[in-house]
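First the structure, in the form of structure tokens, and then the observations on it.
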Amino acid sequence: QVHVVESGGGLVQPGGSLRLSCGTSGSVSSIWRMAWYRQAPGQRRELVASITNGGITNYADSVEGRFTISRDNANNTVYLQLNSLKPEDPAVYYCTAQTQYRDYWGQGTQVTVSS
């Protein structure tokens with residue numbers, strides 16, 4: 001069992017930045033990849049970025065060059081740095097811990113972009 005908790009969402013102006021955090025606990029040694037997804041109202045949940053245990057990262061085309069995923073293995077935490085936020089970025093951002101047998105999801109954190 002893995003417990004996932006996100007934090008760091010909020011309201012930011014267009015062009016601004018936020019850093020989201022995702023803390024994990026429990027059977028963290030079973031996690032092989034961490035990922036951030038987002039879901040806007042009426043839209044499907046989409047992959048934003050992921051990072052493997054080996055540090056291999058992957059980004060959605062829409063956020064490439066603006067968002068950065070990183071991990072602090074000592075603290076079992078993954079971060080998502082959101083820069084140059086655009087009006088199309090607002091959503092609930094979810095963190096997931098992926099193991100061999102299942103994915104564990106957090107409750108999500110809201111990101112709002114508005115002037």
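The values are calculated or read from the model by the stated rules, or taken from the named source; none is laboratory data. Every value quoted in this text rests on a predicted model; they were computed, and no experiment measured them. Using ideal geometry, Cβ is built from the backbone for each residue, glycine included, and neighbour counts are taken over all protein chains shown. Areas reflect the complete protein model, heavy atoms only, side chains present, ligands, DNA and RNA absent. Shrake-Rupley method; radii C 1.70, N 1.55, O 1.52, S 1.80 Å.
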Determine, yes or no, whether Gly8 is within 30 Å of Pro87 (Cβ to Cβ), of a type outside the set (A, V, I, L, M, F, W, C) and surrounded by 15 or more Cβ atoms within 10 Å (Cβ to Cβ). yes
Go through the range 70-97 and report how many residues are among the aromatic types (Phe, Trp, Tyr), open to solvent by 20 Å² or more (accessible area, probe 1.4 Å) and closer than 15 Å to Tyr59 by Cβ. 1
Scan the range 98-105 and tell me whether some residue there is surrounded by 16 or more Cβ atoms within 10 Å (Cβ to Cβ) and part of a loop (DSSP other than H, G, I, E, B). no
Note on the range 19-50: residues under 23 Å from Glu88 (Cβ atoms), open to solvent by less than 40 Å² (accessible area, probe 1.4 Å), in a strand (DSSP E or B) and out of contact with any Gly (no Cβ under 6 Å at 6 or more places or on another chain) are Cys22, Ala35, Trp36, Arg38, Val48, Ala49, Ser50
